[in-house]
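First comes the structure, then the notes that go with it.
The values are calculated or read from the model by the stated rules, or taken from the named source; none is laboratory data. None of the values given here were measured: they were computed from a predicted structure. Cβ atoms come from the backbone with ideal geometry, glycine included; neighbour counts cover every protein chain shown. SASA here: full protein model, heavy atoms, side chains in, ligands and nucleic acids out. Shrake-Rupley method; radii C 1.70, N 1.55, O 1.52, S 1.80 Å.
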Amino acid sequence: MTARADAMEAARDCVRRARRIAVLTGAGMSAESGVPTFRDAQTGLWARFDPAQLASEEGFRADPPLVWRWYAWRREAVARAEPHAGHHALATAESGRELRFERFTLVTQNVDGLHRRAGSHDLVEIHGSIMRTICLEHCGYDQADPVQVPAGEPPRCPQCGGWLRPGVVWFGEALNPSRLAAAEAAARDCDVMLVVGTSGVVYPAAALPGIARRAGATVIVANSAASELDGEAQLLLRGPAAAVLPALLAP
Ligand code: BV8
Ligand code: ZN
């Protein structure tokens, strides 16, 4: 058997023996749904911008129409995207229709909502949702669906007149404390942490696999290439999420 097939067999065995599973996904999870990953989200007209600059309050305040257009462009890409077999495999594993776990918690860095659309329920969207619209001045305005506005100008908050912005966590912003606590609890409490499609660059999300491993969990990293989190893994599954996850989670 090849080393890759050996790793998959060992990972399948590990998952079947687990009672509590935590999953951490990143942009690579959505790549096969056609949503550009964060690093390569800079295609074409956006190539000359740094995403960490655009995805920040400073970047937004410096040029609200530019950042609003960037998010409108990404929302359109997300609206065209569909969950793939990997998203559905995770939702099925959580449902108990095939494999049975005491807990199956999915923590995602992705803001595209594809896990929710695939049917995942025990879901922690630690960086928020691109479809949510909130007030830049934190007056409490919070709209779950995207505010339809003519491209270009960000809309004004109907409550306080400040700019409206996407309901995502920007660089330099604190994560929602209860969502971060839920993610850290899932990492501390699991027997297996499955890390899928993340470069492991962004903190505090990238600290979760280390928390799981120090709490005694087996860490499985599934990625189409090397990542910063490979060193945390007892098992490495090299390949695309839409193929690896159905193979790993098939009954
Ligand atoms: C904060 C929403 C503090 C916005 C995003 C240490 C501790 C704490 C903070 C820091 C720290 N060190 C540095 C920081 C600051 C910063 C940070 O981490 N910077 C990095 C760049 C070094 N962190 C923060 O600012 C965080 N805030 O800590 O606040 C604080 C506390 C109190 C008070 C005030 C402040 C907030 C971070 C959240 C930023 N928001 N998203 C938006 O989307 O517009 S992050 C964004 O980038 C994504 O959500 C995601 O998390 C990240 C991209 O990472 P990945 O998901 O991994 O995607 P990437 O493209 O990098 O990699 C894709 C991977 O998939 C690759 O490995 C590839 O090989 C693989 N792949 C590709 N195709 C496939 C595949 N794998 C499988 N199958 C495939 N088909
Ligand atoms: Zn407001």
Worksheet entry | Failed criterion for Ala151 (all others in (1) part of a loop (DSSP other than H, G, I, E, B); (2) more than 13 Å from the chain's Cα centre (by Cα); (3) modelled with pLDDT of 95 or more hold) | (3)
Discussion item. Can you confirm whether Gly197 is near ligand 1 (Cβ under 10 Å from one of its atoms), in the same structural domain as Ala27 (by TED's automatic domain parsing) and modelled with pLDDT of 95 or more?
Written reply: yes
Worksheet item: Residues of region 198-228 being touching a strand residue (DSSP E or B) at 6+ places or on another chain (Cβ under 6 Å) and not polar (S, T, N, Q), which ones?
Response: Leu208, Pro209, Ala212, Arg213, Ala217, Val219, Ile220, Val221, Ala222
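For Arg61, state whether it is farther than 22 Å from Pro154 by Cα and open to solvent by 30 Å² or more (accessible area, probe 1.4 Å). Break it down into steps so the answer makes sense when it comes.
Numbers: farther than 22 Å from Pro154 by Cα: no; open to solvent by 30 Å² or more (accessible area, probe 1.4 Å): yes.
Answer is no for this residue.
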Worksheet, complete the sentence: Looking across region 164-189 at residues that are surrounded by 18 or more Cβ atoms within 10 Å (Cβ to Cβ) and either part of a loop (DSSP other than H, G, I, E, B) or within 16 Å of ligand 2 (Cβ to nearest atom) (or both), the single one that is farthest from the chain's Cα centre (by Cα) is Leu164
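State whether the residues of region 70-91 include one that is under 26 Å from Arg48 (Cα atoms), within 14 Å of ligand 1 (Cβ to nearest atom), modelled with pLDDT of 95 or more and open to solvent by less than 50 Å² (accessible area, probe 1.4 Å). Spell out the reasoning first.
First pass over region 70-91, keeping only residues under 26 Å from Arg48 (Cα atoms): 70-81.
If we keep only those that are within 14 Å of ligand 1 (Cβ to nearest atom) as well, we get 70-75, 77-78, 81.
Those left that are additionally modelled with pLDDT of 95 or more: 81.
Then keep just the ones that are open to solvent by less than 50 Å² (accessible area, probe 1.4 Å); that gives 81.
Taking every residue of region 70-91 in turn, at least one turns out to be under 26 Å from Arg48 (Cα atoms), within 14 Å of ligand 1 (Cβ to nearest atom), modelled with pLDDT of 95 or more and open to solvent by less than 50 Å² (accessible area, probe 1.4 Å).
Consider region 229-251. How many of its residues are more than 16 Å from the chain's Cα centre (by Cα) and in a loop (DSSP other than H, G, I, E, B)? Walk me through it before giving the result.
Of all residues in region 229-251, those more than 16 Å from the chain's Cα centre (by Cα) come to 230-239, 243-244, 246-251.
Then keep just the ones that are in a loop (DSSP other than H, G, I, E, B); that gives 233-234, 239, 250-251.
Qualifying residue count, region 229-251: 5.
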Item to complete: Kindly indicate whether any position in region 132-152 is open to solvent by less than 40 Å² (accessible area, probe 1.4 Å), farther than 21 Å from Ala55 by Cβ and touching a helix residue (DSSP H, G or I) at 6+ places or on another chain (Cβ under 9 Å).
Response: no
Worksheet item: Out of (1) at pLDDT below 95; (2) near ligand 1 (Cβ under 10 Å from one of its atoms); (3) open to solvent by less than 20 Å² (accessible area, probe 1.4 Å), the odd one out for Ala52 is which?
Response: (3)
Discussion item. Looking at the structure I just gave you, is Val147 away from ligand 1 (no atom under 16 Å from the Cβ) and not assigned by TED's automatic domain parsing to the domain that holds Val219?
Written reply: yes
Practice prompt. Could you grab me the full set of residues in region 190-199 that are in contact with a helix residue (DSSP H, G or I) (Cβ under 7 Å, 6 or more places away or on another chain), part of a loop (DSSP other than H, G, I, E, B) and either within 16 Å of ligand 2 (Cβ to nearest atom) or of a type outside the set (Gly, Ala, Ser) (or both)?
Written response: Cys190, Thr198
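For region 105-131, which residues satisfy the criterion of being of a type in the set (A, V, I, L, M, F, W, C) and either within 16 Å of ligand 2 (Cβ to nearest atom) or open to solvent by 10 Å² or more (accessible area, probe 1.4 Å) (or both)?
Within region 105-131, Val111, Ala118, Leu123, Val124, Met131 qualify.
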Fill in: Qualifying residue in region 200-221 (condition: open to solvent by 40 Å² or more (accessible area, probe 1.4 Å), assigned to a loop (DSSP other than H, G, I, E, B) and in contact (Cβ under 8 Å) with a residue 60 or more places away in the chain)
no
Worksheet, complete the sentence: Of the conditions (1) in a loop (DSSP other than H, G, I, E, B); (2) within 17 Å of the chain's Cα centre (by Cα), the single one that Gly140 does not satisfy is (2)
